[in-house]
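See structure below.
The values are calculated or read from the model by the stated rules, or taken from the named source; none is laboratory data. Note that this is a predicted model, so its numbers are computed, not measured. Here the Cβ is made from the backbone with ideal geometry for all residues, glycine too, and neighbour counts use every protein chain on show. Keep in mind that these areas ignore ligands, DNA and RNA; they rest on the heavy atoms of the full protein, side chains included. Shrake-Rupley method; radii C 1.70, N 1.55, O 1.52, S 1.80 Å.
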Amino acid sequence: DRTLRELAAALAAAGVDVTEQRVADALECAIAGHRRALARLERRFRGEMADAREPRVVLIGRPYTVLAPDMNKGIPAIFGTLGIKTFYQDMVPHGGREELGPLLGAFHWQHAAEALETALEAARTPMLYPVYVTAFKCSPDSFALDAFRRIRDAHGKPYLVLQLDDHDSSMGYETRIEAGVRAFRNHAERAVRRTAGSPGPLPTRTTGSGRSPRT
């Protein structure tokens, strides 16, 4: 209701002759279209993951940070050149509200809550590894990252955190991404061996935290 009122007021202030009912109808249509688009993306994700035999990556973060070419430093393309299929968090069905309930109750930011839900789903999904793309000195992200790491550590899967900084070149991101991809592939291979009953060492946890991945 608040969104409807603000949209109607903004249109009226701009000189658009429109009734509040027409704005309500348009808003309902837009929301329904958005939901249909998300459903198509989720179906695509499920189809791509159904027969996954190698690591896939889900990029977690604010849409204007991850998806905008002027902001993302070419990170999605770097994964592509390494042969890693990449998804955005909107494609991953969000779940785990009950499990994350107390944690989500401490957050007042929609993007942070969605990031944590996606992180939990990635932890449960074989062959799917999360890459958190955050902005330098973003306070809400700093809180979410702490919770993100706890979720990932609890499930024993590697992850990568990439911090965007206007002073960084793409070469720096390439180095960190290459290290992260090696960790993802090593973990995936060991997971397959364990599933097949073959002996092998437990996976190490590799993180790309801040500016450099650590093993």
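So which residues in region 64-84 are free of Cβ contacts under 8 Å to residues at least 40 places away in the same chain and either touching an Asp or Glu at 6+ places or on another chain (Cβ under 6 Å) or not aliphatic (A, V, I, L, M) (or both), if there are any at all? If the condition is that a residue be free of Cβ contacts under 8 Å to residues at least 40 places away in the same chain and either touching an Asp or Glu at 6+ places or on another chain (Cβ under 6 Å) or not aliphatic (A, V, I, L, M) (or both), then Tyr64, Pro69, Asp70, Pro76, Gly80, Thr81, Gly83 are the ones that fit.
Inspection of region 46-56 finds a residue satisfying the criterion of being at pLDDT 95 or above, within 14 Å of the chain's Cα centre (by Cα) and surrounded by 13 or more Cβ atoms within 10 Å (Cβ to Cβ). Taking residues in region 129-155 that are over 10 Å from Ala119 (Cβ atoms) and of a type in the set (Phe, Trp, Tyr), and partners anywhere that are open to solvent by 30 Å² or more (accessible area, probe 1.4 Å) and part of a strand (DSSP E or B), the pairs with Cβ atoms closer than 6 Å and at least 6 places apart or on different chains are Phe136/Gln163.
When region 142-175 is filtered for residues that are more than 24 Å from His187 (Cα to Cα), modelled with pLDDT under 85 and open to solvent by 10 Å² or more (accessible area, probe 1.4 Å), the ones remaining, listed by number, are Ser142, Phe143, Asp165, Asp166, His167, Asp168, Ser169, Ser170, Met171.
For region 1-38, a residue qualifies if it is of a type in the set (Gly, Ala, Ser) and surrounded by fewer than 10 Cβ atoms within 10 Å (Cβ to Cβ), and the qualifying residues are Ala13, Ala14, Gly15. The one condition from (1) under 18 Å from Ile78 (Cα atoms); (2) among the charged types (D, E, K, R); (3) at pLDDT 50 or above; (4) open to solvent by 50 Å² or more (accessible area, probe 1.4 Å) that Arg211 does not meet is (3). Summed over region 108-144, residues that are assigned to a loop (DSSP other than H, G, I, E, B) and not polar (S, T, N, Q) total 7. Note on region 57-68: residues that are open to solvent by 30 Å² or more (accessible area, probe 1.4 Å) and in contact with a helix residue (DSSP H, G or I) (Cβ under 9 Å, 6 or more places away or on another chain) amount to 3.
Pairs linking a residue in region 29-46 that is under 16 Å from His94 (Cβ atoms) and aromatic (Phe, Trp, Tyr) to a residue that is open to solvent by less than 100 Å² (accessible area, probe 1.4 Å) and assigned to a helix (DSSP H, G or I), with Cβ atoms under 8 Å and 6 or more positions apart or on different chains, are Phe45/Met91.
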